[in-house]
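This report refers to the structure that appears directly beneath it.
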Amino acid sequence: MKKILAPFKYFIDLLYPQVCDACGNPLVDGEQLVCSYCRYEIPLTNFWNSPDNPAAELFLGKVELEQVSSFFYFTKSSRYRQLMHKLKYKGRKDIGVFLGRLYGKYLSESSLYGSIDVIIPLPLHPKRQAKRGYNQSEEIAKGIGMSMEKPIITDVLQRNVYAETQTNKNRMERWKNVENVFSVINRERLSGRHVLLVDDILTTGATLETCANAILKEVSCKISIATLAFAVY
Ligand SMILES: [Zn+2]
């Protein structure tokens, strides 16, 4: 069967060559989504090995967190910008799982994240999720969960305000202290546990701060945060 299909695969590859989702160069056999060059060029933050880092600083004095980490630095000219754009707006859920898995390997090797019990993706408002068809943070969480071998929980948090943080930063800042942006349901599932809250990009941290505070107000648990990207502007 393989022998018969191989020429077809060759032909299809000629017509539609698989290219790197970050730089657009053709992928060679064995490479998946991102070429080896781009993979080795990921601007890793290494935040997961240090409790005091620029991501954690964003939350100091605002919410009590165990650890905060991002996988890579994200600049306007970054080739990883392409990946994040495809993940968020082009239906490429597979990119979230792929990067989440890579990130999860680093997190699982860090003693700072050794006590994580469950992983929770930052929820989207149901209307936005219906429009996009998926929650990109959930796809990232799935990848992290695979590498860390921890369960993902998606039925404990609910987002009640329909707004995009990126485009409504100021409004989100104002909502920080507003109650009910997030609701916690089935709170007993989080009680006494160490929760890893996952999101795609860390910019001001306002949304994650609101979310973590909403959980801590309702449940006695520990919270750490992991985002794929750390915005540097
Ligand atoms: Zn590449």
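The values are calculated or read from the model by the stated rules, or taken from the named source; none is laboratory data. What you are looking at is a predicted structure, and each value in this text was computed from that prediction instead of being measured. Using ideal geometry, Cβ is built from the backbone for each residue, glycine included, and neighbour counts are taken over all protein chains shown.
Regarding F47, is this residue in contact with a Ser or Thr (Cβ under 8 Å, 6 or more places away or on another chain) and within 15 Å of the ligand (Cβ to nearest atom)? So F47 fails the test. Residue count for region 186-225 satisfying the condition of being part of a strand (DSSP E or B) and either touching an Asp or Glu at 6+ places or on another chain (Cβ under 8 Å) or among the β-branched types (V, I, T) (or both): 8. Here is the figure for region 24-37: residues that are crowded, with 16+ Cβ neighbours inside 10 Å and touching a strand residue (DSSP E or B) at 6+ places or on another chain (Cβ under 9 Å) total 2. Please verify whether T204 is under 24 Å from F47 (Cβ atoms), surrounded by fewer than 21 Cβ atoms within 10 Å (Cβ to Cβ), touching a helix residue (DSSP H, G or I) at 6+ places or on another chain (Cβ under 7 Å) and modelled with pLDDT under 95, treating the condition exactly as stated. Yes.
Just need a number here: residues in region 21-52 that are assigned to a loop (DSSP other than H, G, I, E, B) and touching a Lys or Arg at 6+ places or on another chain (Cβ under 7 Å).
Applying the first criterion (assigned to a loop (DSSP other than H, G, I, E, B)) to region 21-52 yields 21-25, 27-31, 33, 35, 41-43, 45-46, 50-52.
Now restrict to residues that are touching a Lys or Arg at 6+ places or on another chain (Cβ under 7 Å): 21-23.
Residues meeting the conditions: 3.
Listed here are the residues, each with its yes/no results for (1) in contact (Cβ under 8 Å) with a residue 40 or more places away in the chain; (2) within 12 Å of the chain's Cα centre (by Cα); (3) surrounded by fewer than 20 Cβ atoms within 10 Å (Cβ to Cβ).
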site: K62; (1), (2), (3): yes, no, yes
site: K76; (1), (2), (3): yes, no, yes
site: G96; (1), (2), (3): yes, yes, no
site: L99; (1), (2), (3): yes, yes, no
site: E109; (1), (2), (3): no, no, yes
site: L112; (1), (2), (3): yes, no, yes
site: Q136; (1), (2), (3): yes, yes, no
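Conditions (1) under 26 Å from Y106 (Cβ atoms); (2) of a type outside the set (A, V, I, L, M), marked per residue:
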| position | (1), (2) |
| --- | --- |
| R189 | no, yes |
| D200 | yes, yes |
| A206 | yes, no |
| E209 | yes, yes |
| N213 | no, yes |
| I223 | yes, no |
| F230 | yes, yes |
| Y233 | yes, yes |
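The helices (runs of 4 or more DSSP H) found entirely in region 53-152 that carry 2 or more residues being farther than 18 Å from T204 by Cα, in the same structural domain as T227 (by TED's automatic domain parsing) and more than 16 Å from the ligand (Cβ to nearest atom) are 80-89, 93-109, 126-132, 136-148.
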